[in-house]
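Here the structure comes first, spelled out in structure tokens, and everything after it is commentary.
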Amino acid sequence: MKLIERMRFHPPGLISFIFVVIFAAGLACQVPVFRFALERWEADSYTIIIVPGTGGKLSAAEEEVTAFLQSKGSTGSATANLNIRIDPENVGEDVGATLRLIYPSKLPGPDVPAIWSGALIMKNARALVDSPARRKIVTRLLNGESATWVLVESGDKGKDDKAASEIEKAFLKAKSELKIPDGVLTVEEAQEVSQADNRDQDDILRSKIPLKIDFSLIQISRDDPAEAIFREMLLHMEDDLGEFTDEPMVFPVFGRGRALEPLIGRGINLENVFEHTSYFCGACSCEIKNQNPGVDLLIAADWETAVAGSEVIVEKYLPPLVGIGALAAGSVTQEGAAAAIESGPEFSFLGLWVAAGGGVLLALGLGSILILRKN
């Protein structure tokens, strides 16, 4: 595979991709992809499988490490998107217990390849859920960055410097040329919206986190021990990434730590990076998270508190019903206002026709794929 081909996404088929885009365009909200993902997409959970050592049971020290990991998977200020599973039916080959880290998309089991495995010790447990680079990512995304880019260096200074230069040039181009989609209501604007102004609630931001077009770069070396496990998460996103150990790779990270597949080697250029920035800053055409590209990273962060702590409640106007004047005259509760944000637009025949038309287009696209496969 040529390096220049390692660019963006790999849609299942050109025809299906075109029809999905046409269908999604009719349902798009105006909030940029990066902000929609930050405010509304929960991070998928990794699975950590703990396998006891040859004795078949965990020692007191191993129990302490297990409790630490379990605490990171529960609610709290440093919540990590992980699930812990102890596998007492299997016994490891080592005297001590071991950890196996599995991607969110994988079903946990004895035969599932692990991203990383190691001894069940506190040092490894802490490195699983946190690292300096991931703390920087969280800070920058919560400060309003559209995406934070992670450059895994090749070790060749010439290649790495050229890659970083191309990325920075693309950032400057994006900041000067890209704009926030029209129709998005910021916090200040949302607070001034009249109840009678029945705006699409999906176009209203849900937090006071700054809305801006901004990007930054984090560089990590191939031999940095503090980022060893984080680096393995990135380098196992695709099965063939091990073939490019002598090339720089850059992974854009957005939302709540969602990373896209990397640009590699010569594919790290102004044009390709700018295409990615355009995707992040464009209107969110597909609000269903799993239909968007990317893999969530394992990160310890309290995303919900950061977003909910600055949440904006905008009351949606509803005309009073005859016979319930007393209720209509009462104040709107906070729960009611929050529910209004979650509710969709009111029914209309136009919306019905749009949905029906989109369904037909989607069906045609899927039918075309089946025909092409048979041929």
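Here are the numbers for this structure:
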| quantity | calculated |
| --- | --- |
| Test: residue in segment 209-230 that is among the hydroxyl-bearing types (Ser, Thr, Tyr), assigned to a loop (DSSP other than H, G, I, E, B) and modelled with pLDDT under 90 | no |
| Residues within segment 263-280 that are modelled with pLDDT of 95 or more and in contact with a Pro (Cβ under 9 Å, 6 or more places away or on another chain), tallied | 7 |
| Odd one out for GLU168, checked against (1) closer than 19 Å to ARG266 by Cβ; (2) crowded, with 18+ Cβ neighbours inside 10 Å | (2) |
| Exclusive hit being under 18 Å from PRO293 (Cβ atoms), at pLDDT below 95 and not basic (Lys, Arg), set MET233, MET237, MET249 | MET237 |
| Among residues of segment 224-243, those that are surrounded by fewer than 18 Cβ atoms within 10 Å (Cβ to Cβ) and in contact with a Lys or Arg (Cβ under 8 Å, 6 or more places away or on another chain), counted | 1 |
| Some residue of segment 284-300 being within 13 Å of the chain's Cα centre (by Cα), among the acidic types (Asp, Glu), closer than 28 Å to ALA119 by Cα and not assigned by TED's automatic domain parsing to the domain that holds SER74 | yes |
| Pick from segment 83-106, criterion part of a strand (DSSP E or B) and of a type in the set (S, T, N, Q), ranking: surrounded by the fewest Cβ atoms within 10 Å (Cβ to Cβ) | ASN83 |
| Boolean, LEU82 is closer than 26 Å to SER221 by Cβ, touching a strand residue (DSSP E or B) at 6+ places or on another chain (Cβ under 6 Å) and at pLDDT below 95 | yes |
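One line per residue, one yes/no per condition, for (1) assigned to a helix (DSSP H, G or I); (2) out of contact with any strand residue (DSSP E or B) (no Cβ under 6 Å at 6 or more places or on another chain); (3) in contact (Cβ under 8 Å) with a residue 12 or more places away in the chain; (4) not assigned by TED's automatic domain parsing to the domain that holds ASN269:
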site	(1), (2), (3), (4)
VAL150	no, no, yes, no
SER154	no, yes, yes, no
LYS159	yes, yes, yes, no
LYS169	yes, yes, yes, no
SER176	yes, yes, no, no
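The values are calculated or read from the model by the stated rules, or taken from the named source; none is laboratory data. The structure displayed is predicted, hence computed values, not measured ones. As a convention, Cβ positions derive from the backbone with ideal geometry for all residues, glycine included, and neighbour counts pool all protein chains shown.
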